[in-house]
1. Could you rank ASP73, ASP15 by how accessible they are, 1.4 Å probe, largest area first?
2. May I ask which residue of GLY77, GLY100, TYR67 lies farthest towards the positive end of the charge dipole of region 44-133, with charges of +1 (Lys, Arg) and -1 (Asp, Glu) on Cβ and the Cα centre as origin?
Amino acid sequence: MAERKTRPETMGETDVIDLLLAQHALIRDLFDEVERASPGGRGEAFTRLVRLLAVHEAAEEEIVHPYARRKIDGGDGVVDDRLVEERQAKELLMQMDQAGPQAPDFRENLLALRAAVESHARNEERYEFAQLREQTSPAERRSLSTGVKAAEAVAPTHPHPGVESAVENLLLGTPLAIMDRTRDVIRQVMGKSH
């Protein structure tokens, strides 16, 4: 049940901005859950957080950011700044994902990751999403929402720093997603949350 709740591609919002804002709230809630979990129990929640962040960012990079580049004032600069933030957060998330939730520096890294992700989300909401809402029609936002959900349904489930553009996501996303999702199933079958 908890896993289904954190699968962004199944969310009901039909406006892309509402969808992304709901996902940002879900990400904050999942950080809370990981922080509250006991050291022995945080693996499952952390696995869901990794997946949620990975698919959310991949979909933004593939669908939302390219559209924002064209539609909003100063779109190239706004998106380029968000991509730098995303890459930095992905690099830390990848290190944490590889080390696992039992790593001695996990808590310290989790707090640093949370600060980076929340700062990035605030910047998206302020500089990108607000303009997108103003400069797009409800029909455009519904279409973008459909595209984001479709991208999330097939996105990689682990971070891949260096794959931040729409082209990279389109070319590398499917093979990475297949590898990630296969690895996820193997881990689940083997009884490992990491």
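1. Final ranking, largest accessible area leading: ASP73, ASP15.
2. Projecting each Cα onto the dipole axis, the largest value belongs to TYR67.
The values are calculated or read from the model by the stated rules, or taken from the named source; none is laboratory data. Bear in mind that the values here come from a model prediction, so they are computed numbers and not experimental data. Using ideal geometry, Cβ is built from the backbone for each residue, glycine included, and neighbour counts are taken over all protein chains shown. Heads up: the accessible areas ignore ligands, DNA and RNA and are worked out on the full protein's heavy atoms, side chains in. Shrake-Rupley method; radii C 1.70, N 1.55, O 1.52, S 1.80 Å.
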